Amino acid sequence: MNKKIKTLLQYLFFFSLGFFFIWLSVKNINHEEWTQIKYALKNARYYLGIPVFIILVFGHYVRALRWRLLMEPLGYSPKKSNTFFAVMIGYLANQGVPRLGEVLKCTVLARYEKIPADKLVGTIILERLIDAVTLLIIFGITLAIQPGLYTQIVDQIFNSSGNTEEKKISGLLVLLIIGGVVALAIGAWMMIKKKTIGDLQAIFKNIAARVWQGLASIQHLKKRGQFIILTIILWGTYFCGGYIGFQALQETQQYGVKEAFTILSAGSIGMIISPGGIGGYALLIEGTMMLYGLQQSIAAAFGWLLWIVQTFVILIGGLASFVLLPWINKKKETVSYKDESIAGVDGR
């Protein structure tokens with residue numbers, strides 16, 4: 001298959017998936033519930049978008065600082081402003097084309113900082129690996145402070161309100177079913193690819209070795225403590241954005257820390273499964289808030305409200321970065337050229 005056609009089909013798939021999630025998010029909302037959504041949004045505290053905007057922009061800046069630390073072992077220390085602009089441009093690109101942003105921010109920074117783009121790719125992979133581990137820790141914290149949450153999720157997905165106690169599916173059975181499906185999928189793959197158990201073990205060992213190698217490379221950082229602190233601050237900004245978001249709607253003001261951890265976990269997955277989180281983010285936030293007894297229409301409104309604020313930050317920040325990045329660097333080049341000219345005259 002032609003590479004361009006394959007790429008186009010991938011983009012269409014991801015966008016179709018996003019719009020499918022949008023449909024899932026709103027398909028069961030009736031006319032009365034739409035009226036409730038309009039009322040909730042009409043009376044929302046939109047001024048809270050200002051502190052959330054500032055917090056999220058600060059979070060993106062912290063991500064840029066953290067990325068910069070990963071470049072130091074390679075012998076590069078790009079300007080903080082250029083690194084931040086590259087991060088925002090990458091986020092903006094990801095809104096339209098999945099994974100394009102990771103490539104684009106490397107090429108943008110390479111252009112203005114004279115860093116080989118291929119060397120930056122490794123830092124991106126390591127950054128994503130660290131984020132994945134951090135997200136797993138957040139999942140663990142979320143379940144630790146809410147022991148019954150897993151059971152609630154299973155009931156929400158698999159057990160309708162009309163099911164009898166005998167027909168309800170236990171959490172252990174769900175795990176067994178998922179494990180069985182995964183085992184069958186792996187078995188089918190081994191038969192098709194003619195792989196042995198030894199080949200499968202080698203693949204898992206290779207994956208584990210790469211993950212460990214990536215995590216172990218943190219020890220080569222010159223400022224490991226600073227890196228860990230920046231990671232905590234980064235995810236703390238995401239947490240605060242959701243926590244403040246509860247105060248935007250009258251119906252969600254009673255929620256607090258526990259619920260904020262849950263929407264952070266669910267929202268992070270939503271941002272991954274569709275381009276820019278379109279549809280997927282709001283759908284998972286809606287389902288999450290319904291676990292806490294929030295009416296579906298209000299939960300949907302809350303999910304879309306959070307997504308709109310985050311997308312607005314990326315659109316404004318990304319577009320501004322496209323303008324500011326060449327302008328600031330051109331200005332610095334002009335000043336540098338004038339200084340060299342003056343030095344040359346003085347030397348004569």
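Brief remarks follow.
- As a proxy for reagent exposure, ranking 58, 261, 53 by other Cβ atoms within 10 Å from fewest up yields 58, 53, 261.
- Listed residue pairs exceeding 30 Å between alpha carbons, taken from 105/223; 38/258; 105/330; 223/258; 119/223; 119/195: 223/258; 119/195
- Viscosity 1.002 mPa s, temperature 20 °C, Stokes-Einstein D of the stretch 47-138 from Kirkwood C-alpha radius, µm²/s: 156
- Listing 195, 114 from fewest to most neighbouring C-beta atoms within 10 Å gives 114, 195.
- Counting 0.36 nm for each residue step from residue 128 to residue 80 and taking away their Cα separation leaves a gain of 15.3 nm.
- Sorting 280-288, 302-310 by their mean Cβ neighbour count within 10 Å, with the most densely packed peptide first, gives 280-288, 302-310.
- Each of 129, 48, 100 was placed along the dipole of the stretch 44-151 (beta-carbon charges, centred on the mean Cα), and the one lying farthest toward the positive end is 48.
We did not get these values from a lab; they are worked out from the coordinates using the rules stated. This one's a predicted model, so the numbers in the text were calculated from it and none came from an experiment. All Cβ positions, even for glycine, are placed from backbone atoms using ideal geometry, and neighbour counts span all protein chains on display.
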